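See below for the structure under consideration.
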Amino acid sequence: MQTTLDCVKQVYKRRKQKELGHMPSDKQTLEEFAVGEAMHDSPQIFDESTNIQLGTEYMQYCIESTDSIVDAYIKYRHLSNGIYYKKIRACADKLGTAPESMQLLRDMVK
């Protein structure tokens, strides 16, 4: 899911926030950032399930911290033009017409 270092650090901070029930202190935030950075720099970041989990958690953070799904996708991809959302939306629209079609998926990745 192309999880960047900043995304991983945010996920670790968010996990600490959920554990505490409130925002972590600056010290706790820095500690979580260090743990996230160590994980990002490790081979574990290439484990598919770990990578998808981190990306999914970060996407949820983006959804909860913005006003719309479009804004969440923009935040997720660090883009101001919404191109990532436009691509995903186009795919979702096509799949909506034929959700069981593998050919639609194949055509979209060409």
Worksheet entry | Spin-label model distance (nm) - Asp47 vs Leu30, 7 Å beyond Cα toward Cβ | 2.9 nm
Worksheet item: Any idea what Rg and Dmax come out to for the chain if you just take the C-alpha atoms, in Å?
Response: 16.4, 50
Worksheet item: Angle, helix 83-97 long axis vs. longest principal axis of the chain, Cα atoms, 0 to 90°, nearest 10?
Response: 50 degrees
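Read-outs throughout are calculated quantities, based only on the coordinates presented, and are distinct from any laboratory measurement. Nothing here was measured: the structure is a model prediction, and the numbers come from that model. In this analysis, Cβ positions are derived from the backbone assuming ideal geometry, glycine residues included, and neighbour counts consider all displayed protein chains.
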